[in-house]
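Here is the structure we will look at.
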Amino acid sequence: MAALNLAELIAAAADTIGAHAEELTALDQAIGDGDHGLNMKRGFEAVRADAEAFAAKSLPEALKAIGTKLVMTIGGASGPLFGTLFMALGKEISTEPDRADLTAAFGKAIEAVAARGKSQVGQKTMLDVLQPVHDALLRGKTAPEIANIADAAADATMPMKALRGRASFLGDRSIGHMDPGARSTALLVRTVAQTIGKSA
Ligand code: ADP
Ligand code: MG
């Protein structure tokens, strides 16, 4: 894997989240409280504002610092969960990861998110995208394939009944809507896949 351009990756992630904030808001209006778009935008703009400082750190330290920033700025239920994802990735990843390192660290980070959220796959959350992406990494899928797998996994949350988070209050009425956190996760996965794929 070529050296990761973290500043470029941060800018791309913040651009993507910004471009899709209204869509995320609409998804969260359907089965939550409608703040997911703004939450994510606030978080990723805060990361963008400090991009130079993050990019100056080693990858593990940068990911930990980004996670901490996301916890402080996203808010809601998703802030601590996205924060945990990045902090745990930072804790587990090596300074110059190859695919195997990245895959192993990502697996551990997903476990940390599940522990933090007391959640598991099939409950209509971000985990329903994270887990298939990890499986795809394990199976040797290419970056474009992984991006498509993430989108398909977000779509696949539609028929699910929410069992965690605010959407679970709706019970059966959560069925038929895409989970906002699954969608934002898929957007981030595509951005990372495209940015890393470009330099790989
Ligand atoms: P809030 O629900 O507090 O308004 P957000 O709207 O920002 O927070 O985020 C909602 C998203 O967070 C959901 O779509 C879901 O993907 C994710 N989420 C909520 N609770 C959990 C949980 N316990 N485990 C995993 N993901 C969760
Ligand atoms: Mg919400």
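List of remarks:
- For the range 179-196, the condition of being part of a helix (DSSP H, G or I), open to solvent by 20 Å² or more (accessible area, probe 1.4 Å) and in contact with a Gly (Cβ under 7 Å, 6 or more places away or on another chain) holds for none of the residues.
- Any chance residue 23 is within 15 Å of ligand 2 (Cβ to nearest atom) and open to solvent by 30 Å² or more (accessible area, probe 1.4 Å): yes
- Some residue of the range 69-80 being more than 16 Å from ligand 2 (Cβ to nearest atom) and either under 22 Å from residue 190 (Cβ atoms) or touching a His at 6+ places or on another chain (Cβ under 9 Å) (or both): yes
- Test: residue 28 is open to solvent by less than 20 Å² (accessible area, probe 1.4 Å), at pLDDT 95 or above, acidic (Asp, Glu) and within 16 Å of ligand 2 (Cβ to nearest atom): yes
- Subset of the range 45-63 (residues that are open to solvent by less than 80 Å² (accessible area, probe 1.4 Å) and either within 16 Å of ligand 2 (Cβ to nearest atom) or part of a loop (DSSP other than H, G, I, E, B) (or both)): 50, 58
- Yes/no for residue 95 being buried (at least 18 other Cβ atoms within 10 Å of the Cβ), away from ligand 2 (no atom under 14 Å from the Cβ) and either farther than 18 Å from residue 177 by Cβ or acidic (Asp, Glu) (or both): no
- Total residues in the range 89-107 satisfying the condition of being of a type outside the set (Val, Ile, Thr), within 19 Å of residue 196 (Cβ to Cβ) and not in a loop (DSSP other than H, G, I, E, B): the figure is 11.
- Looking only at the range 104-145, residues that are over 22 Å from residue 91 (Cα atoms) and in contact with a Leu (Cβ under 7 Å, 6 or more places away or on another chain) come to 3 in all.
- Considering each residue of the range 13-23 in turn, at least one proves to be within 21 Å of residue 99 (Cα to Cα) and in contact (Cβ under 8 Å) with a residue 60 or more places away in the chain.
- Conditions (1) hydrophobic (A, V, I, L, M, F, W, C); (2) surrounded by fewer than 21 Cβ atoms within 10 Å (Cβ to Cβ); (3) assigned to a helix (DSSP H, G or I); number of the one not met by residue 158: (3)
The values are calculated or read from the model by the stated rules, or taken from the named source; none is laboratory data. Please read all numbers here as calculations on a predicted model, not as lab measurements. In this analysis, Cβ positions are derived from the backbone assuming ideal geometry, glycine residues included, and neighbour counts consider all displayed protein chains. The protein model used for the area step is the full one, side chains on, heavy atoms only, and it has no ligands, DNA or RNA in it. Shrake-Rupley method; radii C 1.70, N 1.55, O 1.52, S 1.80 Å.
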